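The values are calculated or read from the model by the stated rules, or taken from the named source; none is laboratory data. A quick note: this is a predicted structure, and the numbers were derived from the prediction, not measured. Because the Cβ atoms are built from the backbone with ideal geometry, glycine has one as well, and the counts that use them run over all protein chains shown.
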Amino acid sequence: GFAIPKESQEKVAKFSFHGQPAELKHGSVVIAAITSCTNTSNPSVMLGAGLVAKKACDLGLQVKPWIKTSLAPGSGVVTKYLLKSGLQKYLNEQGFNIVGYGCTTCIGNSGDLDESVATAVTENDVVAAAVLSGNRNFEGRVHPLTRANYLASPPLVVAYALAGTYGYASHCLGSESMVKHSLVVPV
């Protein structure tokens with residue numbers, strides 16, 4: 001898709017994220033956002049996102065800390081039912097904290113990536129990905145450093161953030177030993 005030469009497709013950019021080892025590859029998710037413009041008006045998918053986050057927490061899975069995550073519902077009603085259901089707690093644990101109401105990430109209002117992530121992307125020419133539940137996915141719209149921008153339902157935004165990649169291969173969330181007890185999402 002991005003004219004990456006075959007010999008460079010498996011390249012790994014290693015970097016330090018606040019003193020911890022980290023790595024990015026082509027297709028690595030660096031922004032995951034549940035946005036207001038479309039899907040947050042549908043309670044079933046918002047509760048579904050919360051359930052994916054809860055299951056991940058129950059299994060000890062965690063979104064990588066270098067993935068910029070956010071939740072921007074269209075109204076406070078969403079916040080109320082996520083809080084009342086107890087699911088906002090799990091979204092928060094996965095980094096999907098409420099950052100505001102209305103337009104955010106899909107119009108480029110995600111803010112800066114962490115400097116170490118931005119440097120790893122630019123110095124290694126990584127095709128970094130953003131996955132969001134909004135309605136804008138063309139290059140440069142979400143963030144200048146995310147060349148691959150994908151639209152997904154809120155539950156899949158959480159799942160792709162957990163997987164850490166929007167690659168073409170199939171990935172399971174969790175280890176082999178967790179599969180029989182885990183949420184298995186082909187990612």
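Values for this structure:
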item: Qualifying residue in segment 125-136 (condition: at pLDDT 75 or above, among the β-branched types (Val, Ile, Thr) and closer than 19 Å to Cys103 by Cβ); result: yes
item: Any hit, segment 33-51, residues being of a type outside the set (A, V, I, L, M), modelled with pLDDT of 95 or more and within 16 Å of Leu113 (Cα to Cα); result: no
item: Count - residues of segment 57-75 that are over 21 Å from Tyr150 (Cβ atoms) and at pLDDT below 90; result: 1
item: Residues being assigned to a helix (DSSP H, G or I), of a type in the set (A, V, I, L, M) and under 15 Å from Asn97 (Cα atoms) - total across segment 5-50; result: 3
item: Filter result for Ser75 (over 17 Å from Ala159 (Cα atoms) and surrounded by fewer than 21 Cβ atoms within 10 Å (Cβ to Cβ)); result: yes
item: Matching residues, segment 122-139, being more than 14 Å from Leu151 (Cα to Cα) and over 14 Å from the mean Cα position of the chain (by Cα); result: Thr122, Glu123, Asn124, Asp125, Val126, Val127
item: Subset of segment 92-116 (residues that are modelled with pLDDT of 95 or more, out of contact with any strand residue (DSSP E or B) (no Cβ under 6 Å at 6 or more places or on another chain) and outside any loop (DSSP other than H, G, I, E, B)); result: Asn92, Glu93, Glu115
item: Filter result for Val78 (under 23 Å from Met46 (Cβ atoms), in contact (Cβ under 8 Å) with a residue 24 or more places away in the chain and assigned to a helix (DSSP H, G or I)); result: yes
item: Among (1) among the polar types (S, T, N, Q); (2) modelled with pLDDT of 90 or more; (3) closer than 25 Å to Ser8 by Cβ - the single one Ser153 does not satisfy; result: (3)
item: Failed item, numbered, when Lys54 is tested on (1) at pLDDT below 95; (2) over 23 Å from Tyr150 (Cβ atoms); (3) not hydroxyl-bearing (Ser, Thr, Tyr); result: (1)
item: Residue list for segment 3-22, restricted to those being over 20 Å from the mean Cα position of the chain (by Cα) and either of a type outside the set (Lys, Arg) or within 11 Å of Val127 (Cβ to Cβ) (or both); result: Ala3, Ile4, Pro5, Glu7, Ser8, Gln9, Glu10, Lys11, Gly19
item: Qualifying residues in segment 14-33 (those that are out of contact with any His (no Cβ under 9 Å at 6 or more places or on another chain), within 25 Å of Leu151 (Cβ to Cβ) and among the aliphatic types (A, V, I, L, M)) - the one surrounded by the most Cβ atoms within 10 Å (Cβ to Cβ); result: Ala32
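A quick yes/no check of all residues on (1) hydrophobic (A, V, I, L, M, F, W, C); (2) touching a Cys at 6+ places or on another chain (Cβ under 6 Å); (3) farther than 24 Å from Pro65 by Cα:
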position	(1), (2), (3)
Phe2	yes, no, yes
Lys6	no, no, yes
Lys14	no, no, no
Ser28	no, no, no
Ala33	yes, no, no
Ser41	no, no, yes
Ala49	yes, no, no
Val52	yes, no, no
